[in-house]
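J.: What follows is a structure written as structure tokens; I'll ask about it next.
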Amino acid sequence: MGMSIQQIIFMVLSVVALVSALGVVLSKNPVTSVLCLIVTFFTIAGHYIMMNAQFLAVVHIIVYAGAIMVLFLYVLMLMNLNAELEPQKRNWLKYAGAISGGALLVVLVAALRDASMPALSTSATDIGLIKNLGMILFKQYVVPFEVSSILFLSAMIGAVVIGKKE
């Protein structure tokens with residue numbers, strides 16, 4: 001029983017996503033870390049395309065790989081991080097980080113141990129297309145959608161008020 005082309009593409013995207021995500025965490029250079037994060041975002045967009053959610057993939061690339069990553073790069077370049085000027089972390093802080101990370105890993109493994117994965121259907125679904133997404137968003141989830149728009153409006157007003165103060 002051979003693997004289909006969809007399974008091969010999924011495996012390649014998953015391996016690239018995992019390797020680039022590890023590159024984000026393990027990289028010493030912050031700019032390299034941000035570039036690895038951009039690769040991770042593109043592989044996640046590839047997963048969205050495989051699930052027939054083209055709109056979500058395009059929005060993901062525009063918002064995350066475009067706007068947020070450019071913001072990260074500008075902040076990193078404005079901060080001018082140097083290793084000599086960076087304060088050294090205390091040993092107990094490193095140990096506390098390792099212990100809390102290990103505890104999170106134990107909780108995730110315990111939660112996922114009994115999880116079952118439903119079989120993937122080979123037939124195409126139309127759930128991620130723009131028309132269906134809009135119908136679900138404005139019929140079933142109209143109240144959370146409007147509440148989030150009020151939240152974004154209040155955040156913009158707050159940013160303008162903070163920006164006006166001199």
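The values are calculated or read from the model by the stated rules, or taken from the named source; none is laboratory data. Only a predicted model underlies this, so the values are computations on that prediction, with no experimental measurement involved. Here the Cβ is made from the backbone with ideal geometry for all residues, glycine too, and neighbour counts use every protein chain on show. SASA here: full protein model, heavy atoms, side chains in, ligands and nucleic acids out. Shrake-Rupley method; radii C 1.70, N 1.55, O 1.52, S 1.80 Å.
J.: Of the residues in the range 34-56, how many are in contact with a helix residue (DSSP H, G or I) (Cβ under 9 Å, 6 or more places away or on another chain), open to solvent by less than 40 Å² (accessible area, probe 1.4 Å), more than 13 Å from Val70 (Cα to Cα) and modelled with pLDDT under 90?
T.: So the count comes out to 1.
J.: Just name the residue that is modelled with the lowest pLDDT out of those in the range 148-166 that are open to solvent by less than 90 Å² (accessible area, probe 1.4 Å) and either among the small types (Gly, Ala, Ser) or under 23 Å from the mean Cα position of the chain (by Cα) (or both).
T.: Gly163
J.: Quickly run through the range 120-139 and pick out the residues that are open to solvent by 100 Å² or more (accessible area, probe 1.4 Å) and either β-branched (Val, Ile, Thr) or at pLDDT 90 or above (or both). Working first, answer last.
T.: Just the residues of the range 120-139 that are open to solvent by 100 Å² or more (accessible area, probe 1.4 Å), to begin with: 120, 122, 127, 130-131, 138-139.
If the condition is that a residue be open to solvent by 100 Å² or more (accessible area, probe 1.4 Å) and either β-branched (Val, Ile, Thr) or at pLDDT 90 or above (or both), then Thr122, Ile127, Ile130 are the ones that fit.
J.: Given the condition surrounded by 14 or more Cβ atoms within 10 Å (Cβ to Cβ) and at pLDDT below 90, answer yes or no: does some residue in the range 73-94 qualify?
T.: Checked against the condition, which is being surrounded by 14 or more Cβ atoms within 10 Å (Cβ to Cβ) and at pLDDT below 90, the range 73-94 yields at least one hit.
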